[in-house]
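Here the structure comes first, spelled out in structure tokens, and everything after it is commentary.
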Amino acid sequence: MRSGSNLERVLESGRFAVTSEIGPPKSASAEPVRRKVAEMKGWADAMNLTDNQTAIVRLSSLASSVVCLQEGAEPVMQMTCRDRNRIAMQSDLLGAAALGIKNVLCISGDHQTFGNQREAKNVYDLDPIQQLMVFSRMRDLGQVWGGDPLEERPQVFLGAAANPFADPFEFRVARLAKKVSAGADFIQTQAIFDLDRFERFMSMVRERGLDRRTHILAGVVPLRSANAARYMKTKVSGMSVPDEIVDRMKDAADPKKEGIRICVETIERLKEMPGVHGVHIMAIGWEQMVPAIVRESGLSPRP
């Protein structure tokens, strides 16, 4: 192990990993983060702290990750390319490592036009592939990108995101391969509802041997309503939601229970899919259901 990360330990041991997600509040109070950590503690191997998701100002991912540590859980600090140049990224990585954060997820970030401050200027000095290259150089060579040596290396487990469903579909695995070559130790995917298409994606992943070079955690989202299913199908870019899922939610006597059932069924199939090393449960706003999902999927107790 390079980082001392619990998530790394679980994945390297061959256990099927579970990560979850917390959206920090639009507030200077850390209490919402503490509450959500308490709801999921012991049910996930690590918890993502999102970085101003949907391009709306929230408690920072760095501060939220420290709160997660204070509550005795392991964070995955998300770091977007949208808001930082390479100097700030490297500084934040050193700061995170100094504070005991051992997992960092490198992502683009939602474009500011999706948020409520569309006039904001994005940065995108680096893309996530370049971000991974910079961070892996800092960790593995003990150098910042300009070549200057670090007095102490950041010991971190580096992650990246992947969308198996965006078009053009045939380029999805090629982009994943670039992230793996750049240093991604683990991958968390977009939410999966279309299991047949995801299986085709994983077949290409296995053909290139990428599942042996990184750990793939398949994303799942518990649906709460038919409207949520329709919204994801028609309004969220890069999503593939089969009509069958929408119909099940529409016809359900209790849509929330049906959404949990669909999520558990998805995890059961993912557990049997070669090359999938874990699941990433994205239940933002519904974190209290993560224990039930983990339990009903046969993934408890966590190591």
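Where a number appears in this text, it was derived from the coordinates with a stated rule and is not lab data. Since the model is a prediction, treat every value here as computed from it, not as a measurement. Note that we place each Cβ from the backbone using ideal geometry, even for glycine, and neighbour counts take in every protein chain shown.
Ordering 202, 289 by the number of other Cβ atoms within 10 Å of each residue's own Cβ, fewest first, gives 289, 202. Computed extension gain for residue 256 through residue 121, at 0.36 nm per residue and net of the alpha carbon distance, reaches 44.7 nm.
When each of the peptides 4-15, 276-287 is scored by how many other beta carbons lie within 10 Å of its residues on average, the order from highest to lowest is 276-287, 4-15.
As an equivalent ellipsoid, region 14-137 spans semi-axes of 23, 18, 13 angstrom, where each value is the square root of five times an eigenvalue of the C-alpha gyration tensor, largest first. Which log10 I(q)/I(0) values does the chain give at q = 0.07 Å⁻¹ under the Debye formula, counting every alpha carbon as one identical point scatterer? Log10 I(q)/I(0), no solvent term: -0.25. Rg/Rh for region 105-231 stands at 1.03; both radii use Cα atoms, and Rh follows the Kirkwood definition. Charged side chains reduced to their Cβ positions (Lys and Arg at +1, Asp and Glu at -1) give region 149-303 a dipole of some 200 debye around its Cα centre.
The trypsin sites (Lys or Arg not before Pro) found in region 88-127 that occupy coil by DSSP, while having at most 16 further C-beta atoms within 10 Å, are 118, 121. Partner aspartates and glutamates whose Cα lies under 12 Å from the Cα of residue 178, excluding those fewer than 8 positions away in the same chain, are identified as 127. For region 225-303, the equivalent ellipsoid built from the Cα gyration tensor has semi-axes of 22, 15, 12 Å, listed from largest to smallest. Spatial offset of region 260-293 relative to region 1-31 amounts to 15 Å, using the alpha carbon center of each. Placing a label point 7 Å from the Cα of residue 206 along the Cα-to-Cβ line, the residues of region 147-182 whose backbone N sits under 17 Å from it are 173.
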